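Taking it in order: structure first as C-alpha cells, then the write-up.
The values are calculated or read from the model by the stated rules, or taken from the named source; none is laboratory data. Fair warning: this is a prediction, and the values are worked out from it, not measured in the lab. Reconstructed Cβ throughout: ideal geometry from the backbone, glycine too, with neighbour counts over all protein chains shown.
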Amino acid sequence: MKTWVLNMFDNINDLYQQVILDHCKQPRNFRELPACTCSAQGFNPLCGDNLKLFLTLDGDVIREAAFTGSGCCISKASASLLTDFVKGKTKADVEKMFAQVHDMVTTGKVAGDVGKLAVFAGVYKYPARVKCAILAWHAVMGALKGEQKPVSTENEQA
C-alpha cells in the first residue's frame, strides 16, 4: 500500500510537470488583443520574466484574455493557464481566485476548486519560483484595477 501511495504521488508530480511543460511549449492565448479594454505589464526582476496581459471586459465579465512576453517555463505556463481560467469570470471571481492561488503557491495548500491551477501547488517548495508562478496573477489584478505602471513581484515573498 505504501509503495502504491508513493507511486501515485510520483505520477501526480509527473502529470503536473507535463501540464506545465505543455503550457510552456504551447502557451494558450499567446497573442496581443488590439481591441482589449484593459491591460497591464508585469515584471519579475528575480527571474527576468516579462509579460503583457490583455483583457476584454463586457461590464464586469472578462470575455477575452491573452498575453505576450518572455520568461521561464513556470511564468509562461501560469499566464497560459490564467488566460484560460479568467474567460467568462467576473472581476470578483478573479479577485477571489488570486487570493486562493497566492495562498496555494506560497503554502502548498489547495483551498476550493482551483481546477488545473493546482499544478502550481508544489511551487512553494521552490521559493524563488513563487514569483514566477504569481506574476501573471499580479498582472491580471493590475489590469482590472487600471494600473498604469508595470506591476512587479518585487514585494512578493520569496
Legend entry - Restricting the stretch 75-112 to residues that are of a type in the set (D, E, K, R) and in contact with a helix residue (DSSP H, G or I) (Cβ under 9 Å, 6 or more places away or on another chain), the residue that is surrounded by the fewest Cβ atoms within 10 Å (Cβ to Cβ): Lys109
Legend entry - Neighbours by Cβ (under 6 Å, 6+ apart or cross-chain): first from the stretch 99-117, on the phi < 0 side of the Ramachandran plot; second not in a helix (DSSP H, G or I): Gln100/Ala111; Gln100/Gly112; Gln100/Val114; Met104/Val110
Legend entry - Residue that is farthest from the chain's Cα centre (by Cα) [pool: residues in the stretch 38-71 that are in contact (Cβ under 8 Å) with a residue 12 or more places away in the chain and assigned to a loop (DSSP other than H, G, I, E, B)]: Asp60
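For the subset of the stretch 44-73 comprising residues that are polar (S, T, N, Q) and surrounded by fewer than 20 Cβ atoms within 10 Å (Cβ to Cβ), which member is nearest to Pro34 (Cα to Cα)? Steps first, please.
Initial filter on the stretch 44-73 (polar (S, T, N, Q)): 44, 50, 56, 68, 70.
Within this subset, residues satisfying the condition of being surrounded by fewer than 20 Cβ atoms within 10 Å (Cβ to Cβ) are 50, 56, 68, 70.
Numbers: Asn50: 19, Thr56: 10, Thr68: 12, Ser70: 19 Å.
Filtering the stretch 44-73 for residues that are polar (S, T, N, Q) and surrounded by fewer than 20 Cβ atoms within 10 Å (Cβ to Cβ), the one nearest to Pro34 (Cα to Cα) comes out as Thr56.
Among the listed residues Met97, Met104, identify the single one that is more than 20 Å from Pro27 (Cβ to Cβ), in contact with a Phe, Trp or Tyr (Cβ under 9 Å, 6 or more places away or on another chain) and part of a helix (DSSP H, G or I).
Values: Met97 fails: more than 20 Å from Pro27 (Cβ to Cβ).
Result: Met104 is the single residue among Met97, Met104 that is more than 20 Å from Pro27 (Cβ to Cβ), in contact with a Phe, Trp or Tyr (Cβ under 9 Å, 6 or more places away or on another chain) and part of a helix (DSSP H, G or I).
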Inset, instruction - Take the stretch 110-158 and flag every residue that is under 15 Å from the mean Cα position of the chain (by Cα), modelled with pLDDT of 90 or more and assigned to a loop (DSSP other than H, G, I, E, B). - result: Val110, Val114
